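Asker: Have a look at the structure that comes next, please.
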Amino acid sequence: MTLDAYLDRIGYAGPVAPDLATLRAIHRAHHFAIPYENLDVQLGRPVVTDPAAAFDKIVSRRRGGWCYEMNGLLGWALSEIGFSVTRMMAGVRREQDGDIAVSNHLILRVDLPEGPWLADVGFGDGPLDPYPIIAGPIEGGLFPYRLEAMADGWWRLHNHPAGGAPSFDFQNAPADEAAMAARCLWLQSDPASGFVQNAVVQRHRPDRLLLMRGRSLRTLTATETLDRLIADADDYVATLKADFALDLPEAASLWPAITARHEALFGT
């Protein structure tokens, strides 16, 4: 694990220092270079919360990842630069599902002279930039987000209106690593998990957001939404490579399950 290899993976060649400008630049570079994806879950390959495993997968093998991998890798890299980083756990859809959701998402608190900031490259379609842990709208990027201070020390990130999940909640405290590892295992193994049921790939670009769920590809810009239905297994593999920078021929084996899920949800 070397910082230079990570910086090369995200295409970042700028100055490196534990300051806000570097944090913002690396956060954006990571978003643009590395897609959010759960294809290892679909392929039956184990996923863990260890940053070393994420480095091997995302940097060495040039894959994407989900929150435990994406933010685990980013947190490691920021610590190597000299940032003060705290791994924290959050609950996606806690507003709907209750406290059982807590630990289904890894986020990062980065303590700066400007105060505590939240870094998160693992929400898929979340804010492009890190943001201060202060209630109010989140500036930057193409879409509107908002951070809400709630009772009992909880915070809620409100996603943009076209987002896949409406929100996630967190408390400003270090993660329970054992609870997070157990949730990571459940999310990739239980038939009730949305990550088991659905293949998901998402990627930020400077002028758009790409979201592929199953065989539906959606492109969001600041002014329009474009939808395309993936035609077949060859089209799926080609789209992964062209739009998401994922060279993964074995993803063709997922096509029968992807089409079956699509028909179950939407019919033929």
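The values are calculated or read from the model by the stated rules, or taken from the named source; none is laboratory data. Not measured: the values here are computed from a predicted model. Methodologically, a virtual Cβ is constructed for each residue, glycine included, from the backbone with ideal geometry; neighbour enumeration extends over all protein chains shown.
Asker: Which members of the stretch 142-160 meet the condition of being part of a strand (DSSP E or B) and either closer than 28 Å to ASP207 by Cβ or of a type in the set (D, E, K, R) (or both)? Reasoning before the result, please.
Answerer: We begin by selecting, within the stretch 142-160, every residue part of a strand (DSSP E or B); these are 145-149, 154-158.
Once the filter is applied, which keeps residues that are part of a strand (DSSP E or B) and either closer than 28 Å to ASP207 by Cβ or of a type in the set (D, E, K, R) (or both), the stretch 142-160 yields TYR145, ARG146, LEU147, GLU148, ARG156, LEU157, HIS158.
Asker: Looking only at the stretch 52-73, count how many residues are within 11 Å of the chain's Cα centre (by Cα) and under 21 Å from VAL16 (Cα atoms).
Answerer: Taking the stretch 52-73 first, the residues within 11 Å of the chain's Cα centre (by Cα) are 64-72.
If we keep only those that are under 21 Å from VAL16 (Cα atoms) too, we end up with 70-72.
Residues flagged as within 11 Å of the chain's Cα centre (by Cα) and under 21 Å from VAL16 (Cα atoms) within the stretch 52-73 amount to 3.
Asker: Could you give every pair whose Cβ atoms fall below 9 Å, whose first residue belongs to the stretch 149-172 and is among the hydrophobic types (A, V, I, L, M, F, W, C), and whose second residue is part of a helix (DSSP H, G or I) and surrounded by fewer than 18 Cβ atoms within 10 Å (Cβ to Cβ), counting only separations of at least 6 or pairs across chains?
Answerer: PHE168/GLU95
Asker: For the stretch 221-248, which positions are outside any loop (DSSP other than H, G, I, E, B) and within 21 Å of PHE266 (Cα to Cα)? Let's see the steps before the verdict.
Answerer: At the first step, the residues of the stretch 221-248 found to be outside any loop (DSSP other than H, G, I, E, B) are 225-229, 233-244.
Within the stretch 221-248, THR225, LEU226, ASP227, ARG228, LEU229, ALA233, ASP235, TYR236 qualify.
Asker: Just for the stretch 94-113: of the residues that are in a loop (DSSP other than H, G, I, E, B) and out of contact with any strand residue (DSSP E or B) (no Cβ under 7 Å at 6 or more places or on another chain), which one is farthest from ASP176 (Cα to Cα)?
Answerer: First pass over the stretch 94-113, keeping only residues in a loop (DSSP other than H, G, I, E, B): 98, 102-104, 113.
Imposing the further condition that a residue be out of contact with any strand residue (DSSP E or B) (no Cβ under 7 Å at 6 or more places or on another chain) reduces the set to 98, 113.
Numbers: GLY98: 18, PRO113: 26 Å.
Looking at residues that are in a loop (DSSP other than H, G, I, E, B) and out of contact with any strand residue (DSSP E or B) (no Cβ under 7 Å at 6 or more places or on another chain), I get PRO113.
Asker: OK, next. Pick from THR221, THR225: which is more than 25 Å from PRO51 (Cβ to Cβ), of a type in the set (Val, Ile, Thr) and touching a strand residue (DSSP E or B) at 6+ places or on another chain (Cβ under 6 Å)? Reasoning before the result, please.
Answerer: Working: THR225 fails: touching a strand residue (DSSP E or B) at 6+ places or on another chain (Cβ under 6 Å).
Going through THR221, THR225 in turn, just one is more than 25 Å from PRO51 (Cβ to Cβ), of a type in the set (Val, Ile, Thr) and touching a strand residue (DSSP E or B) at 6+ places or on another chain (Cβ under 6 Å): THR221.
Asker: Quick one: what pairs do we get from the stretch 210-233, first residue of a type in the set (Gly, Ala, Ser) and surrounded by fewer than 19 Cβ atoms within 10 Å (Cβ to Cβ), second in a strand (DSSP E or B) and at pLDDT 95 or above, C-beta under 7 Å, 6+ apart or different chains?
Answerer: What qualifies is SER216/ASP227; SER216/LEU229.
Asker: In the stretch 50-77, what residues are surrounded by fewer than 22 Cβ atoms within 10 Å (Cβ to Cβ) and either of a type outside the set (Lys, Arg) or part of a helix (DSSP H, G or I) (or both)? Talk me through it step by step, then tell me what you get.
Answerer: So the first thing to find is which residues in the stretch 50-77 are surrounded by fewer than 22 Cβ atoms within 10 Å (Cβ to Cβ), and the list is 50-53, 55-57, 59-63, 76.
Passing the criteria: ASP50, PRO51, ALA52, ALA53, PHE55, ASP56, LYS57, VAL59, SER60, TRP76.
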